[in-house]
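Report on the following structure.
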Amino acid sequence: MSQPLKIIIDTDPGQDDAVAILLALASPEEIEVLGITAVAGNVPLELTQKNSRIVCELADKPDVDVFAGCASPLERKLVTAEHVHGKTGLDGPVLPDPKMPLRETHAVDFIIDTLRREPAGTVTLCPLGPLTNIATAFRKAPDIVGRIGEIVLMGGAYFQVGNITPAAEFNIYVDPQAADIVFQSGVSIVVMPLDVTHKALVTRPRVEAFRSLGNHVGTIVAEWTDFFERFDKEKYGSPGAPLHDPCVIAYLIEPALFRGRHVNVTVETGSELTMGMTVADWWGVTNRTPNATFMGDLDANGFFALLTKRLARL
Ligand code: BDR
Ligand code: CA
């Protein structure tokens, strides 16, 4: 059997981030979580680092190392998303405060140290929030860029355009300068944009499948979904809310669930009107060099079957 893939989850929980973390922690055959690095995004850093620990304890994995990173974007003022995720970021069920400690090292230093320590090309970064920690690490230690195996991230959109503005997806919009650094870095990148995640809809039967697992995690995931779907269903008129961030982890486990194209993706950093837009050359109409595999489709039933089966283990 091959060795599990070593990953760092960079995250701003967020209920969907939380489900992504649970999926990774429930999949030790395929994934080894070297650490979780929190960033400001859905809610401020104080809450995202705390929520990361709450989720590790929910998965009964209090030994996972959790680090706090950047509290605000590189250049812009932090924009948060309490209107989707609630005041705590994990609104819905009431979960106990974490007992496991936050590591003292800054998340950016953890990312740098880990990439320098592990053999080159063996660590995958999984950003599920704004790219501030990753870009800060690249600026501080350019030598790590060539040591990254791959970046698999949730962010951006093309045919689905935007969710926080008419043109931009939340993670990229919050820190477009950081996203620009990452997309121009030359690292191999796989993107899970809204084009894919808007097909990962938690419909009623899928929520009930979580609830019927009969374990604590299944109940909590169903209650989180019940909370954030109120907002999304109204916004999109869809039968359920999109479960964005778990797409990243599902890709690591079962890449055949996803389909995409290797294209050029350029982040808008100049215009306020379209700030943070991910301009993907889907039709190959420019001569810009492809820099990312931009996903466009997923097998939604296969995705939820995998997720539900893995959550049952916790
Ligand atoms: C992304 O933004 C956040 O609200 C979610 O956690 C996800 O990472 C979707 O646009
Ligand atoms: Ca997120």
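The values are calculated or read from the model by the stated rules, or taken from the named source; none is laboratory data. Bear in mind that the values here come from a model prediction, so they are computed numbers and not experimental data. With ideal geometry, Cβ positions are generated from the backbone for all residues, glycine too; neighbour counts draw on all protein chains shown. Side chains included, ligands, DNA and RNA excluded: accessible areas come from the protein's heavy atoms. Shrake-Rupley method; radii C 1.70, N 1.55, O 1.52, S 1.80 Å.
Observations, loosely collected:
- Options Val43, Val84, Val94: the member that is within 24 Å of Lys235 (Cβ to Cβ) and open to solvent by 10 Å² or more (accessible area, probe 1.4 Å): Val84
- Residues in the stretch 196-222 that are open to solvent by less than 10 Å² (accessible area, probe 1.4 Å), in a helix (DSSP H, G or I) and small (Gly, Ala, Ser): 2 in all.
- Close pairs from the stretch 210-238: first under 26 Å from Ala312 (Cβ atoms), partner basic (Lys, Arg) and modelled with pLDDT of 95 or more, Cβ under 7 Å, at least 6 apart: Gly218/Arg211; Thr219/Arg211; Ala222/Arg211
- Count - residues of the stretch 223-241 that are part of a helix (DSSP H, G or I) and open to solvent by 30 Å² or more (accessible area, probe 1.4 Å): 9
- Residue list for the stretch 2-43, filter: under 15 Å from Val152 (Cα atoms) and of a type in the set (Gly, Ala, Ser): Ala20, Ala24
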